[in-house]
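Working notes, beginning with the structure itself.
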Amino acid sequence: MDEKGENGVGELSSEYNRLQEKFEELELLGALKNPEDLKPAFLNIHPGAGGTESQDWAEMLLRMYTRYFEKKGYQYSLIDVQAGDGAGIKNATLHVIGDFAFGFLKGENGVHRLVRISPFDANKRRHTSFVSVHVSPEIDDDIDIKIEEKDIRVDVYRSSGAGGQHVNTTDSAVRITHMPSGIVVACQNERSQIKNRDTAFKMLKARLYELEQEKAKEELEKNPEKKRHHLGFSDS
């Protein structure tokens, strides 16, 4: 095959891959039927046990997600990040805005595993690292999620970047702990403590709403009769 023919095959292969990717995306869009699928999303990355190994894997995932967002044309902001011990990150949270942001990202919920020869091990041994990813939809302001003041603890601290450098010289970062559920959210990307607090409360509301949805689903599964009525069936 001459050079012209090889170029033609390469172009056809690239076009096939592009169309295949587009078809899979449209197929997924057809399955996204819940109202929440349309919403912006909060994505949290948290390394498991394993120290530097897991923290490095968490940072790798953060880079992969941000590149995916750029490819999709999504807007995103890193609203909280904590530098790791020597490498990687201890925690990161992103706010993602775009068409079907939550719908496309909700499948990332769960534990992500990496098995590799460790670049941090002088003996070049194989290590397994775990990172949990949690994605929740941003909920509308008109959805009423009651948060009692007695149930939360609000801490303020000085924000810092992924490299450990201080981003702000004032205690503008906000961390909110919801004691009944154990949910912890934080925001440090704004210079204003008030704005960081507002964003943190949005994240907390999203997590609590999700928790309520999960409880309601479990209740329906336990009560078949209630589930029938919920789905629109009746005994008549």
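The values are calculated or read from the model by the stated rules, or taken from the named source; none is laboratory data. Please read all numbers here as calculations on a predicted model, not as lab measurements. Neighbour counts are summed over all protein chains in view; Cβ atoms, including those assigned to glycine, are modelled from backbone coordinates with ideal geometry.
Taking the options ARG175, ARG191, ARG153, name whichever one is on the phi < 0 side of the Ramachandran plot, under 18 Å from the mean Cα position of the chain (by Cα) and at pLDDT 85 or above.
The match here is ARG175.
Between a residue in region 111-132 that is loosely packed, with under 10 Cβ neighbours inside 10 Å and any residue that is among the β-branched types (Val, Ile, Thr) and modelled with pLDDT under 95, which pairs come within a Cβ distance under 7 Å, given they are 6 or more apart or on different chains?
Every condition considered, the pairs that remain are VAL115/THR128; LYS124/ILE117; ARG126/VAL115; ARG126/ILE117.
Any idea which residue in region 57-82 is surrounded by the fewest Cβ atoms within 10 Å (Cβ to Cβ), counting only those that are closer than 23 Å to ARG113 by Cβ and modelled with pLDDT under 95?
Checking each candidate, the answer is GLN82.
If a residue must be under 17 Å from ARG158 (Cβ atoms) and at pLDDT below 90, how many such residues does region 194-220 contain?
Qualifying residue count for the region: 0.
Take ASP85 and decide whether it is exposed (fewer than 15 other Cβ atoms within 10 Å of the Cβ), of a type in the set (Asp, Glu) and out of contact with any helix residue (DSSP H, G or I) (no Cβ under 7 Å at 6 or more places or on another chain).
no
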